[in-house]
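Please treat every number below as a calculation from the coordinates, not as lab data. The structure presented is a predicted model; accordingly, all values stated were derived computationally and were not measured. So basically every Cβ, Gly included, is an ideal-geometry build from the backbone, and we count neighbours across all protein chains shown.
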Amino acid sequence: MHVLFLVGREIGYARNQVLHNAFSRFAHVDTVAAVHKPQSLLANSLSIAAQATPLLLRNRYDLVFVGFYGHLILRMIGPLVRSPLLFDAFISTYDTLCFDRALYAPDSPMGRAAFALDSSALRRADHVLLDTQSHIDYFVETFGITHEGFSAVPVGCSDDVYQPAPITQNSTQQQKKALDILYYSTFLPLHGIDVILQAAAQLNGEPLHFRLIGDGPAFGQMQALAAELALSNVTFEPPISQTEVASAIARADICLGGHFYAGGKAGRVIPGKIYQMLAVGRPVIAADAPGNRELLTHGENAYLIPPADPNALAGAIRTLAAEPAYREKLARAGRLHYTNYCNEERITARLHAIVTALTANG
């Protein structure tokens, strides 16, 4: 099988990396992608489309795959594609700009343009991937496309990077002053970092320390909130590489998976960090939301709490901090669940089945 693989974000972006790895296991893949995060999605999409054009004119592909962020690429190269076209939508431009980040009103010119971009890209594709069934339901209801046009493929993570680390590598509470509570993100509003800080305020003075790694739009606001709450148990740390993230997870006693914001996209998706935390084998606290419930079961492989509830988050942390055996139980069960449900082997098998059906019909 010969596949053309195009993405608008960098090839190392977690979603793109996992799907590229999966395709490479069962197909010959021609890849056109940026190595580093592009400064402009529009400029990068133009570049990717320009590089893809001679390949499409010269080769007969069994499948053309357009991954994240590929909405603009798909619109540019769509007329040239004669093979089945598989599109990993991953996000809705309309939802992101108008609701998640609230940059434009839905009925504004930019809002309508974002809706049109999503709709046209979805309709040009022969099949569309998303990460959860909850996300598929949103796309079906919002853009009027039948469920049959979509398949859910977990985000997963790199099994080479996020390898299981023995629980015994972690220091116990008696060996160090405070348990390590880990959270990392790109500081978007949907992450609900304010909920984490409000929970940390309730735990000030207890033998717990929160490490918040990353940067992004809400970073300054969250630093200001931490200062306002006079938090002595929280440190903000700069973004780090995937390898360093894996090491940070391995050193953590409790991992916060999120998303702790209530409603909208935050409830429909499973944060990529949850897969990483499960893969390394650490206990995860996550929001009890529709997307997360497709993967996680409270008390079995994670500790689920209501979103936007600092009291519940503080209580969950206290519970796990006081019960090392419970933490270990969740960690081991979470790692096993990851292996059985969403490691790279499982994702490859799922993608292969989708591609086989699509190309057979194409």
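Things worth noting here:
- Three principal axis extents describe the C-alpha atoms of region 182-274; from largest down they are 33, 30, 20 Å.
- For the listed peptides 336-349, 128-141, 65-78, a ranking on the average number of other beta carbons within 10 Å per residue, highest first, reads 65-78, 128-141, 336-349.
- Relative counts (whole %) of C-alpha pair distances in the chain, using bins that are 10 Å wide: 5, 24, 33, 24, 11, 3, 0
- Per-residue packing, averaged as other Cβ atoms within 10 Å, sorts the ranges 211-217, 155-161, 190-196 into the order 190-196, 155-161, 211-217, beginning with the highest.
- Region 167-341 - convex hull of alpha carbons, volume per residue in Å³: 101
- For region 257-307, the dipole from Cβ point charges (+1 on Lys and Arg, -1 on Asp and Glu) about the Cα centre works out to 180 debye, to the nearest 20.
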